[in-house]
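A quick write-up on the structure given underneath.
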Amino acid sequence: MLKVSNFRGGYRKGVAVVDGLQIDLRQSAVTSILGSNGAGKTSFLRGICGLLPWRTGEVELNGERLDRLAPHDIARLGVRMVSEGRGTFPTLTVEENLKVGGYGLSAPVLATRMEREFNRFPRLYERRGQIAGMMSGGEQQMLAIARAMMSDPRVLILDEPSQGLAPIIVDQIFDLIPRLTQEGVQVLLVEQDVGRGLEVSEQAVVIEKGRATLSGPSRELLADPRVRESFLGLS
Amino acid sequence: MLDRAAIPRRPSRRAVLKGGVLGAGALAVGVALPRIAGAAGGADGVVHIGASLPLTGPYEKVSRICKDAFDFWTRTYDGKMVVAGRERAVKWTIYDDENNASRAAQLTEKLISDDKVDLVVGTYGTDTVLAQGAIVRKHGRVFVQAGASSIRVDEELGGHTAFTANGRVGTYCAGAMDFLASRTPKPKKLGLVIMDDPVYHEIGQGVKDKCKQHGIDVVTEVVLPMNVQDLRPTALKLRGAGQLDIVYNTGWDVICIKLAEEMSAIGVNPKAFVGGHLTTSPVVKETLGSKMQGIIGSTVWLPQFKYRDDKYASAQEFAEKFKATYGYLPTYQAAFSYILPYIYQQALREADPQDPFNPKTLRDRLSRLDLKDTIWGPVSFDERGRIRRDAAPAVQWTGDPAAAVIVAPADMAESAGVYPKPAW
Amino acid sequence: MEDVLVYGLLRGGIYALAAFGFSLVLGVIGIVNFAHGALVVFGGLLTQYLAVKFGVPYAAAMIGGALGTGLLGAVIQRLFVARTFTLEPLMVLVQTFGIATVVTELGTLGWGSEERMLRLKTGLPPGFMLGDTFVPSFDLVVFAVSLVSAAVLFVVLGRTEFGRAIRACRDNRESAQLSGINLGRTFEKTMFLSGTWAGLAGAMFVTLSPVAPYMHFSWTVDSFLVITIGGLGSMLGALVGGLVFGVLSFGASFYAPTIAPAITFGVLLVFLVFRPQGLLGAGPAIRK
Ligand SMILES: Nc1ncnc2c1ncn2[C@@H]1O[C@H](COP(=O)(O)OP(=O)(O)OP(=O)(O)O)[C@@H](O)[C@H]1O
Ligand SMILES: [Mg+2]
């Protein structure tokens, strides 16, 4: 459904942090983007969401062009990102965070969606009156995902969801991803743990300095010696 | 100088810009102008009068009035002044001193040294007039002014350099206080509100002196910062002082309004309220509405005053002509600005044709001047160069809608006045 | 003593009303709005104008004055602040200062520089005794309106989607945008709310004391003091700060009028040093 081609973008004019990337999510339910620190993964995701100071190229969702739209319009069309560091609203309660995720929806729809998310994350239900700023990293990550899911997105973008979390929580989150896809959402995932990232995804792209160096089915990349050497520390 | 606070009423970025432009213009004029009035004595038949006014900045509005009044005098006499028995054309040079003392000094130096003016009239504002005076004194000249009434002018420049056509601010209260002291039952307790600035303290001192003279107790004295916002605390202070016979405000019109409002809000009802020297500002009556009943104000000039001169049969006629020309009724600033060139004219009429503007003889002539009838009332100067005025008249608002009538001094009074005033 | 407290609290209601918007704009848009005081004065003068010039009943003139000021705030946001606020914060500061000057000058052109006041005939008794203190009825009406409108603001911010969106933008702009919230529109609405409440403060105040364009700056400074005392980013803080500031400034003007400004600013410094988050400000844990 989401297709990105010839994408370039960056923070200062003339300096491209993302330089000619393409991805096509139509082939896979989960797509991973891999790359070392500073490769431009986050910048690329922000570019898709309309948050880069400049960008060129095409972003299409079901044939509709998104690349000229403002971030909130892109979000309304069904592309939702869970940022690196989660980006929950610290002074809002869990419930309020979720309601903001469903911004623009009618009250009954909000209620059913919220119930669905509370079923998905019972922990959030227990803490529904708590302000997000007082919650643990894992809880905030769940909240961020639930908030994005409130709008029934077509594409869910996860930027390093496991960052800074205890292994047991990371396991929970990776168990969750395939289940999300069953609800009809496509996932675009950036993950530091390349092994896990490749295991959970069907397609993957490896980027370096803003350019794609490798791409293909995750299973093949997992076997690729270059990936094994530089990311998995295997030879 | 006593108009409202010394705080700029508006941010003056525009004033700075405009001042810059005017300043540059003035400079250009100064360079370009041939020394018209070069020979002191105006052999070419021109009287050159120099002045500066705070045309930009907080006193913009008052300055306009002063400038219009200079112009009105010039029109009244067809642009001519009789000096030493001969009619000469009048030429004005007026600069913008931006209410800045050093700028006023600089411009006065320029008027005397470069423009070679024959006569200098004072600007508006205590500090600027004092700065001007220092320069005039340096050149051994004299000047007539009305824009500063503080006693500091007498102390620093009086008797030799400055002739001040406005009464001391210490006398502002006299009419009102004499009026009140003559009421029965005689007022005994007064509450005094003083703005914390030398000029206002001087007014306050005048009130205290009058109280002493009439045996009235100053039971409370509230000194307020110039930028005071809320007058409720002051009203509360006044209420704490017990039943007062008189509340006297030395401050300007807005202070008068706020004080009246707050006293009325919390039920402070003195038998008399003197709103100060700016109670006559239209804004006071417009804002206070029916609360204006019985309020007393002091004022140095009103069109109702029974003054006249050689061109106007009454101050009223003067005021009407002025209004017809400029679209507004002249204030006391207009009257005292009009009087400045008028005083020179009277002093110089019979000057020595050889050296009409000689400072020494001009000083003597001004000292000896004794004018019975002018639009500004009788004009003569004491040994400190101060006009002989020992009381500003007092007015009181009565009737519905309230109108101001003169209640003191006795010879000018239009009404016996009301005391005690009705409650708010 | 008791009367100082009562009168201080009564004044405090209006200070709080004026400070809500200042705090909101500082918290959400992240700018110190030097034009805020100009909005308060504008609201007062607009209310007076509607009531005097067109004979609109006070309640309607007050609402008109408040909404008109809100609109002015939104226009200022769209035309000016929105274009510079991504640049240097200092530039926005300078800009709002310039806007204050322009609004003041325009106000002076339109309404003149004279002080204006709106005289109301309420038909209420002049006041009543609270213990030993005489409380003017209209002061109490104003105070009640301050509290009620504060409650309305709390509900708008705390219970509506609009309020949630504003708070979300305050907490995290990007996440708010990623949730489909239009940042520019939300800022305009924030400025509208801020202006409306500033205008309401002016509309109330003009019935108690004369208002003129040149008075705008002291409103800005007072709003600043109120949120320093009460705490940034908290509407309850602005309310408490307003009441505390009302008592403080009233007490200072009563007991030591000549040095009252020095006292209030002294307290400001004490707060900045010992309690920079104010009485009710958000603790560092949930600060962004
Ligand atoms: N806000 C910004 N302004 C300017 N440059 C930025 C900004 N954010 C990131 N960059 C630069 O863009 C490049 C790509 O950064 P980006 O955050 O996209 O990398 P990443 O692949 O997400 O890294 P990581 O794995 O550490 O999250 C880096 O060189 C970084 O310094
Ligand atoms: Mg990153």
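The values are calculated or read from the model by the stated rules, or taken from the named source; none is laboratory data. For clarity, every value in this text was computed on a predicted model and none was experimentally measured. Ideal geometry is used to build each Cβ from the backbone, glycine not excepted, and the neighbour counts take in all protein chains shown. Heads up: the accessible areas ignore ligands, DNA and RNA and are worked out on the full protein's heavy atoms, side chains in. Shrake-Rupley method; radii C 1.70, N 1.55, O 1.52, S 1.80 Å.
Points to keep in mind about this one:
- A simple count of charges around C:G251, restricted to other residues whose Cβ falls under 13 Å of its Cβ and scoring Lys, Arg +1 and Asp, Glu -1, yields 0.
- When you restrict to C-alpha pairs under 8 Å that are six or more residues apart and normalise by the size of chain B, the relative contact order lands at 18 percent.
- The amide H of A:Q186, built 1.01 Å from its N in the peptide plane, has A:V155, A:L156 as neighbours under 5 Å, considering only residues 5 or more places off or on other chains.
- Taken over chain B, the ratio of Cα radius of gyration to 2.2 N^0.38 Å equals 1.00.
- Charge dipole (debye, nearest 20) of chain B; +1 at Cβ of Lys and Arg, -1 at Cβ of Asp and Glu: 380 debye
- Interface size C-A, as summed buried accessible area [1.4 Å probe, Å², nearest 100]: 2200 Å²
- In summary, the lysines within cross-link reach of B:K110, defined as a Cα separation below 29 angstrom excluding same-chain residues under 8 places away, comprise B:K18, B:K61, B:K67, B:K80, B:K91, B:K138, B:K360.
- Student exercise, the protein assembly as shown dipole from Lys, Arg, Asp, Glu Cβ charges, in Debye to nearest 20: 560 debye
- Heavy-atom accessible surface of chain A: percent carbon and sulfur, 1.4 Å: 47 percent
- The calculated FRET efficiency for B:A410 paired with B:A313, based on their beta-carbon distance and R0 = 30 Å, is about 0.80.
- Relative to the longest principal axis of the Cα atoms of chain A, helix A:107-120 runs at roughly 70 degrees.
- Take each residue in C:250-260, count the other chain C-beta atoms within 10 Å of its C-beta, and the mean is 5.
- Computed from backbone phi with θ = phi - 60° and the Karplus coefficients 6.51, -1.76 and 1.60, the 3J(HN,Hα) list for region C:46-53 is 5, 4, 4, 5, 4, 6, 7, 6 Hz; x is used for glycine and proline.
- Spin-label pair C:M129/B:V82, simplified geometry with 7 Å Cα→Cβ offset, distance in nm: 7.3 nm
- Computed from the C-beta positions of C:E174 and C:T258 and an R0 of 60 Å, the FRET efficiency is 0.75 to the nearest 0.05.
- Remark: region A:13-29, residue by residue, has Karplus-estimated 3J(HN,Hα) of 4, x, 10, 8, 8, 10, 10, x, 9, 10, 9, 9, 7, 5, 7, 8, 6 Hz, where x stands for each Gly or Pro and the curve is 6.51 cos²θ - 1.76 cosθ + 1.60 at θ = phi - 60°.
- Along each principal axis, taking the top coordinate minus the bottom one, the Cα set of region A:18-65 gives 30, 24, 16 Å in descending order.
- Set of aspartates and glutamates near B:K186 by C-alpha distance (under 13 Å), chain-local residues within fewer than 8 positions excluded: B:D178, B:D217, B:D245
- With the largest listed first and rounded to whole Å, the semi-axes of the equivalent ellipsoid of region B:279-375 from the Cα gyration tensor are 35, 14, 11.
- In nm, spacing of pseudo-spin labels at B:S290 and A:D73 (7 Å Cα→C-beta vector): 6.1 nm
- Farthest toward the positive end of the dipole of region A:2-230, out of A:V18, A:V200, A:L52, is the Cα of A:L52, where the dipole comes from beta carbon charges about the Cα centre.
- With a Cα cut-off of under 20 Å and a minimum spacing of 8 residues unless on different chains, the lysine pairs in region A:2-230 number 4.
- Highest mean packing first, where packing is the average number of other Cβ atoms within 10 Å per residue, the peptides B:247-260, A:31-44 line up as B:247-260, A:31-44.
- Rounded to the nearest whole Hz, the Karplus-based 3J(HN,Hα) values (6.51 cos²θ - 1.76 cosθ + 1.60, θ = phi - 60°) of region B:293-299 follow the sequence 3, x, 5, 10, x, 9, 8, with x at glycine and proline.
- Using every pair of separate Cα atoms, the Kirkwood estimate puts the hydrodynamic radius of chain A at 18.1 angstrom.
- From the C-alpha gyration tensor of region C:1-112, square roots of 5λ in Å: 26, 21, 12
- For the protein assembly as shown, the Kirkwood estimate of the hydrodynamic radius, built from every pair of different alpha carbons, is 32.7 Å.
- The aspartates and glutamates within cross-link reach of B:K372, meaning a Cα-to-Cα straight distance under 12 Å and a gap of 8 or more places when in the same chain, are B:D309, B:D310.
- Residues in region C:107-129 occluded by at least 30 Å² - accessible area, probe radius 1.4 Å, against chain by itself: C:S113, C:E114, C:E115, C:M117, C:R119
- Taking Cα centre as origin and charging only the Cβ of basic (Lys, Arg, +1) and acidic (Asp, Glu, -1) residues, the dipole magnitude of chain A rounds to 580 debye.
- Calculated FRET efficiency, A:R65 to A:Q163, Cβ-Cβ distance, R0 = 30 Å: about 0.45 to the nearest 0.05.
- Taking Lys and Arg as +1 and Asp and Glu as -1, the other residues whose beta-carbon sits under 14 Å from that of C:L268 total 0.
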